[in-house]
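A short write-up of the structure that comes next.
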């Protein structure tokens, strides 16, 4: 028979644990894909929508994962009241408080990750854009049009050198 400590540790990863990281990775991928759009306003609106949309998804998915952890622990505690210690009951109380704060913390963390990725991609885009402009300038000191020499010979057409 498992103890409360074993249930506590085994419930850390449950059937919903994959959803939060998937939302963060998909959001990061979408932000990278949006950074290749040439239209500035479309790119910015898309990035804002992706940041807020995937932050909300990450918050929701973390809430589902935390609720599932809490449900597994609470269910075991209800089925085995004789094995529950005072520390175990206090841990369940604190874990219940995590139902509210946990998703907010994870959602804000995902929001900061997305904003960091978007800012980083914008800086990279600005660096590449300025580098492209710099390489297109001609640093050659020679004039682009050579001077046209004229000839005093009447048999040559005008503006032709001998």
Considering the Cα trace of the range 65-136, what is its radius of gyration and what is Dmax, both in angstroms?
23.4, 78
Along principal axes, Cα extents of the range 4-136, largest first, whole Å:
78, 21, 21
What order do you get for 102-111, 14-23, 81-90 when each peptide is scored by the mean count of other beta carbon atoms within 10 Å, highest first?
102-111, 14-23, 81-90
Relative contact order computed over the range 4-136 (Cα-Cα under 8 Å; 6+ residues apart), in percent:
36 percent
Post the alpha-carbon centroid distance, the range 20-52 to the range 1-15, in whole angstrom.
37 Å
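Computed from the coordinates by the stated procedures, all read-outs in this text should not be read as laboratory data. This one's a predicted model, so the numbers in the text were calculated from it and none came from an experiment. Cβ sites come from the backbone with ideal geometry, for glycine too, and all protein chains shown count toward neighbours.
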